[in-house]
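Everything below concerns the one structure shown next.
A short reminder: the numbers here are calculations on the coordinates, not readings from a lab. Keep in mind the model is a prediction, meaning the values are calculated, not measured. Note that each Cβ is placed from the backbone with ideal geometry, even for glycine, and that neighbours are counted across all protein chains shown.
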Amino acid sequence: MTATRGHFISVTINGRPTDFGVSANLSLLELLRNDGGCPEVKLGCGEGVCGTCTVLLDGEPVNACLVFAVQADGCDVTTVRGLAADGELNDLQDMFIEHAGSQCGFCTPGMLLTVTWYLERHPDADREELRRAIAGNLCRCTGYTKILDAVEAYRDLRRGDVDGD
Amino acid sequence: MYASAFDYVRVSSWAEAVAQLQELGDEAHVIAGGQSLVPMMMLHYAVPSALIDIGGVDERTIELADDGSLVLSALVRHVDLQHSDVVARHTPMLTQAVRQIGNVRVRQRGTIGGSLAHGESAAELPCVLIAHGADVQTLGPDGERTIAVDDLPVMQLMTTLGEGELITQVRVPGLTARQGSCFIEMARRPGDFAMVNAAAIVSTDDGGMCTAVRLVLGAVGRRPVDVSEAAQPLLGHAIDEESTEAVAAAIAADAEVTPSSHAGVEYRREMAAVQLARALRGAAADAARRRSGTEVVV
């Protein structure tokens, strides 16, 4: 193997395999936003501080700005668009609307993806655990209270504590 | 937000990584989880000519050796340590420490070997591993060697690792029946860089008297410092507020404290004394719990 600048990679984005030619220093975030056609992945700080660009890489949350695109070769990427099958908002997204968990909306994609991943592994997480799970995904609007209200409502819904409609 | 241009190669073994490091020269960098290196590249603090990606090697084993030590692949991620029952039982401070590293995204990719090789003085893991008397196995152009974790850090972001030398494994002696441990981190917010780290391992006899103590102070100076020697006046005494505060105050008074944007030197010195004393008492309480067989919750 030889180290090179340019690489041909294949990344499956929201279930669709796509080939790209990339420079090694291109971040996964820039790939997704530009050639990847995923402007729903938000660029906040670009240096791993704000969590805004969170995507699921092979099912696990990462800061897309701290992964080089070339490192994602052969991986599955899920962006927030991957949560809304056929454009229909899912239960978590509905809860964010119902509880006003999204104001300016910039942190929302990261919140939705992190919470989806976390509750799949910890379906009974309490509010404190959920607070820790979303740590590092900065929100400057809500004070987090309404986000956590929405997340707890979704947890109860997916556990079957309350009837969804 | 854009790293400078570099060459990239993904390797599938330690030997291949060492060979690539030799070929690509000393401006090349190994990347594992990349959670410290990539931010530095984005800020242009680090400008490697090439990245050798070892992170894809699927080697995240946590093994319990016959002597009660944990043998960890250098590629074990923080999230692996966080959810390991073996780690929680034998080295509960590691569980305490990784829960305070960054956030879920960072813990998902960051590795133990990467943290040690990076040499950040405020990092949680080196502090805990020095308290445990852990060592690392390395591979370099001259073959393998063993280095005590205490001999790794020199100063901020500088270690004694040689050119082209990689950490491949970490061995951590586990707690014995009479020992207890406690790690305390003080930061402005959860996930921030630590202002003070304190790691303590205390042994007590049936009467609660201290029979051995290990103590490490991290984050306040250029590297974590083993201050066990200065804690020896505790031997033969009960670990209470009075005894721990006297020892901790003496250690903090002598400690090298570097300036930080998070807190002034004098404040950090005072807080070092507070956290060291708390870690000692926490370790003694843990020793009592472990002896009485109470379920340990970390």
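A few remarks follow.
- Candidates are the residues of region A:25-41 that are within 13 Å of chain B (Cβ to nearest Cβ) and not polar (S, T, N, Q); the one that is surrounded by the fewest Cβ atoms within 10 Å (Cβ to Cβ) is A:Arg33.
- The listed residue being part of a helix (DSSP H, G or I) and touching a helix residue (DSSP H, G or I) at 6+ places or on another chain (Cβ under 6 Å), out of A:Val151, A:Val70, A:Val55, A:Val162: A:Val151
- Residue check for A:Gly101: of a type in the set (Gly, Ala, Ser), facing chain B (nearest Cβ under 8 Å) and under 21 Å from B:Val104 (Cα atoms): no
- Any hit, region A:10-29, residues being in contact with a Gly (Cβ under 9 Å, 6 or more places away or on another chain) and on the phi > 0 side of the Ramachandran plot: yes
- Residue among B:Arg60, B:Arg10 that alone is over 20 Å from B:Ile112 (Cβ atoms) and basic (Lys, Arg): B:Arg10
- The residue that is nearest to the chain's Cα centre (by Cα), among those in region B:177-193 that are more than 14 Å from chain A (Cβ to nearest Cβ) and either β-branched (Val, Ile, Thr) or assigned to a loop (DSSP other than H, G, I, E, B) (or both), is B:Ile184.
- Scoring A:Asp58 on the criteria (1) at the interface with chain B (Cβ under 8 Å from one of its Cβ atoms); (2) without any contact (Cβ under 8 Å) to a residue 40 or more places away in the chain; (3) within 16 Å of A:Val115 (Cα to Cα); (4) not polar (S, T, N, Q) leaves a single failure, condition (1).
- Among residues of region B:194-213, those that are over 18 Å from B:Arg289 (Cα atoms) and in a strand (DSSP E or B), counted: 3
- Selection of region A:1-24 for residues being in contact with a Leu (Cβ under 9 Å, 6 or more places away or on another chain), facing chain B (nearest Cβ under 9 Å) and in contact (Cβ under 8 Å) with a residue 12 or more places away in the chain yields only A:Ala24.
Table: residues versus (1) within 12 Å of chain A (Cβ to nearest Cβ); (2) under 20 Å from the mean Cα position of the chain (by Cα).
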| site | (1), (2) |
| --- | --- |
| B:Glu16 | yes, no |
| B:Glu23 | yes, no |
| B:Glu27 | yes, no |
| B:Ile31 | yes, yes |
| B:Leu37 | yes, yes |
| B:Val71 | no, yes |
| B:His83 | yes, yes |
| B:Val87 | no, yes |
